[in-house]
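Working notes for the structure below.
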Amino acid sequence: MTKAQYLSAWQNSHSAPNIFVIRGFLTVVYFLARILISLRVTPNGATLLGGIVGSFAAVLVIGGNWLWAAAIAVISSLLDGVDGAIAEITNRKTKFGSVLDAVVDRIVELVWFTSLIAWGADITAVVILGLTILLMEYLRAKANSLGLAGAGLITIAERPTRVIMFAMLCIGVASIGTDNQALTIGSWTLIGITWLALVQLFLRFSNQLRHNSSR
């Protein structure tokens with residue numbers, strides 16, 4: 001599969017616009033996938049590798065290594081896209097792989113934001129953040145199980161957005177020092193963005209259900 005074919009397949013399955021930022025991200029993911037394929041890494045192996053790398057970012061946060069945590073989080077985001085790219089390029093997509101990818105992603109994210117508690121982030125904010133992310137992904141999974149179009153719809157709070165905000169929070173703390181209030185504000189900001197995305201998905205899928213039931 002060529003890069004152009006991969007980009008087209010990804011954009012079609014995610015209802016994504018053909019914009020420079022997305023193309024750039026997917027281009028990097030494509031070439032990383034090619035490297036791992038040459039090393040005989042399987043899609044599930046790439047998923048587990050991304051989970052291990054991503055979880056290490058939380059260890060770095062707890063240790064106060066904020067800049068390294070930000071860098072590792074970004075790398076893990078790239079690896080998160082690589083497993084799907086490997087599956088697409090090699091035609092090895094499986095239901096188990098999709099479930100494994102979703103579970104690993106949620107574990108890594110929950111570990112990330114929970115690690116902020118060690119530095120004073122409000123526990124309530126972190127718990128609500130985790131539950132909101134899980135609710136959003138549950139809605140997407142339920143829509144997918146019902147066969148609704150656009151289950152891969154891109155929202156403003158996709159995992160790359162959450163990675164970017166986590167990385168920015170780490171960079172901010174590294175620049176100005178640990179600030180409990182800033183950590184909490186960052187958590188609530190991401191909660192607000194995720195709820196907007198949740199509403200976006202809900203409206204999209206509820207409209208489809210009403211349209212289908214009217215036929």
Study note, to complete from the structure: Residue hits (the range 20-63; surrounded by fewer than 19 Cβ atoms within 10 Å (Cβ to Cβ), among the aromatic types (Phe, Trp, Tyr) and in contact with a helix residue (DSSP H, G or I) (Cβ under 9 Å, 6 or more places away or on another chain)) are Phe25, Phe31, Phe56
Check your understanding: Quick one: is Ile117 touching a residue at least 40 places away in the same chain (Cβ under 8 Å) and surrounded by 16 or more Cβ atoms within 10 Å (Cβ to Cβ)?
Key -> no
Revision key, fill the gap. Within the range 65-83, the residues that are at pLDDT 85 or above and either in contact with a Lys or Arg (Cβ under 8 Å, 6 or more places away or on another chain) or of a type in the set (Gly, Ala, Ser) (or both) are Ala69, Ala70, Ala71, Ala73, Ser76
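The values are calculated or read from the model by the stated rules, or taken from the named source; none is laboratory data. All values reported here derive from a predicted model rather than from experimental measurement. Don't worry about glycine lacking a Cβ; one is built from the backbone with ideal geometry, like all the others, and counts go over all protein chains shown.
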